[in-house]
Amino acid sequence: MGLYDREFWSAVKILTKVYGKGISVRDIFFSRERKGITSAMVFKLVIETIRRLNYLDALVGYNMLKRLSLKEKNILRVALFMRKFLNVEPPKLPTHLRTLYLKSLKRDPLIDLDDEITALSLKYYHPRWFIRKLLPVLSRDRLFSILRINNLEKEGKWIRVNSIKTSVESFYFKWKQLIPSEFDDIFYAQKSYLKKMLLSSDYRNGLFIVQDFSSAAVVYALDPHEKEHILDLCAAPGIKTSHIAALTRNNSLIIATDISEKRILKMLILRERLNFDAQIILGDSTKPPFKEEAFDKILVDAPCSDTGVFRDRPDLKWNFNPKKLRRVTNLQKALLANAIRLAKKGGIIVYSVCSLLPDEGEEIIKFALENFKNIYVDDINLPRAENGYGGYSFSRKVKRFFPDTNVDGFFIARLIKS
């Protein structure tokens, strides 16, 4: 058996589950079936093959791919990744695939390309629609910076100290290698140190949770206080809900809704581990069963394209398309419209998405302002945030985070009901 042969076939098996059964990479690597099939190299083969999927497919040729089974496609994808990017020869392949593999190694899909978007797509391993959406709203230098960083593995992650169970000061005293941030309860942990933390009893006992800086900024934009009535729409798996509870010292009325039973179950487990107080309701957040003008503050962290987290989850790049974008923006509009109706006069609605697309950010706020005359955009000051895309009357009031600043990409807007 050659070098990494076992890991090669494990990676092929996982990719076939991802693209054959629709199982997410995250679910596979964080499920019981990871035992015995995963290792650092298997993870690398899977994630980095997926990251470069369009380029690897272009090496084979799209017409040729149509003639292959899913397993055969994945064998070629992993084999080509190993040879082209790791300079490691893959295991012995079936004769017909070996022939295709050798032909593919000689092909350069970037030669003689006249279409700039296709060239950028293949060079930086991103969907064409994604680049087409961002070219009009970002400088070319900024776009290239984001495309490049999305292809690099993160060196660490952000964590939040759960102030319901411990004090920030005592936690930081124990974990001295954490790097503080502008938010008191948010710290940055290098990868090796985070691995140690995740194996500790502090993690099992809910003293901290992995939460990105920009995700925490969403909750700080909401500015929750004790005694308030707060609604969190699309709340599961509950990371932001738990943060709201922590900032209000478990002393506010928090109602969290979500339509996914699977995600609600995860939220119930998280509530137990972190010990936060919230009423959790399984239901359609576009038709919530509440009286109008019942809440002081409402968080709409809406389902989206996830284009702000392509760096962490490259599989999402290839699971989304413009047709899905039309459906999800309609859902975002419905969620925000309901939130506006449910907010009290003078109440605050924070709308957020982990998306870089203007369609899911500025355009949704534009829709809200055009259809609801009783709201206005409030200016928010968030550390590390940048102004929204230009061309809107509220561009300087809404905020964006970008992945090339070591955070997840996010859009955040705060509306006030007058």
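Laboratory data are not the source of any read-out in this text; all were calculated from the coordinates shown. What you see is a predicted model, and the numbers here were worked out from it, not measured in a lab. No Cβ is skipped: glycine too gets one built from the backbone with ideal geometry, and neighbour counts run over all protein chains shown.
With θ taken as phi - 60° and the Karplus curve 6.51 cos²θ - 1.76 cosθ + 1.60 applied, the whole-hertz 3J(HN,Hα) list for segment 282-298 is 7, x, 7, 6, 7, 9, x, x, 10, 6, 5, 6, 9, 10, 6, 9, 9 Hz, x standing for glycine and proline. Applying both filters, DSSP loop and at most 16 other Cβ atoms within 10 Å, to the trypsin sites (Lys or Arg not before Pro) of segment 183-258 gives LYS227, ARG249. This ranking places HIS229, HIS243, HIS126, HIS96 by how few other beta-carbon atoms lie within 10 Å of each, fewest first, which gives HIS96, HIS229, HIS126, HIS243.
Using just its DSSP H runs of length 4 or more, each adding -39500 (n - 2.57), the chain gives a mean residue ellipticity at 222 nm of -13000 deg cm²/dmol after division by all residues. Remark: segment 186-199, residue by residue, has Karplus-estimated 3J(HN,Hα) of 10, 9, 9, 10, 5, 4, 5, 6, 5, 4, 4, 5, 5, 8 Hz, where x stands for each Gly or Pro and the curve is 6.51 cos²θ - 1.76 cosθ + 1.60 at θ = phi - 60°. The radius of gyration of the Cα set in segment 156-210, together with its Dmax, comes out at 9.8, 26 angstrom. Cα centroid separation, segment 234-289 to segment 209-227: 14 Å. Only Lys, Arg, Asp and Glu carry charge here, each on its Cβ (+1 for the first two, -1 for the last two); on that basis the chain has a dipole of about 1480 debye about its Cα centre.
For VAL350, VAL377, VAL137, the sequence from fewest to most other C-beta atoms within 10 Å is VAL137, VAL377, VAL350.
Under the combined filter of DSSP loop state and at most 13 neighbouring Cβ atoms within 10 Å, segment 389-418 retains these trypsin sites (Lys or Arg not before Pro): ARG396. Specify the inter-centroid distance of segment 304-341 and segment 105-153, based on alpha-carbon positions, in whole Å. Each part's Cα centre sits 21 Å from the other's. When each of ILE209, ILE50 is scored by the number of other beta-carbon atoms lying within 10 Å, the sequence from fewest to most is ILE209, ILE50.
Listed values for segment 135-144 are Karplus-derived 3J(HN,Hα) couplings in whole Hz (6.51 cos²θ - 1.76 cosθ + 1.60, θ = phi - 60°), namely 4, x, 10, 10, 5, 4, 4, 5, 4, 5, and x replaces Gly and Pro. Summarising the amide proton neighbourhood of ILE298: residues at separation of 5 or more, or on other chains, whose placed amide H is nearer than 5 Å comprise LEU231, ILE348, ILE349, VAL350. Of all DSSP bridge pairs formed entirely within the chain, close to 60 percent run antiparallel. In this Cβ point-charge picture (+1 for Lys and Arg, -1 for Asp and Glu), segment 231-325 has a dipole of about 340 debye about its Cα centre.
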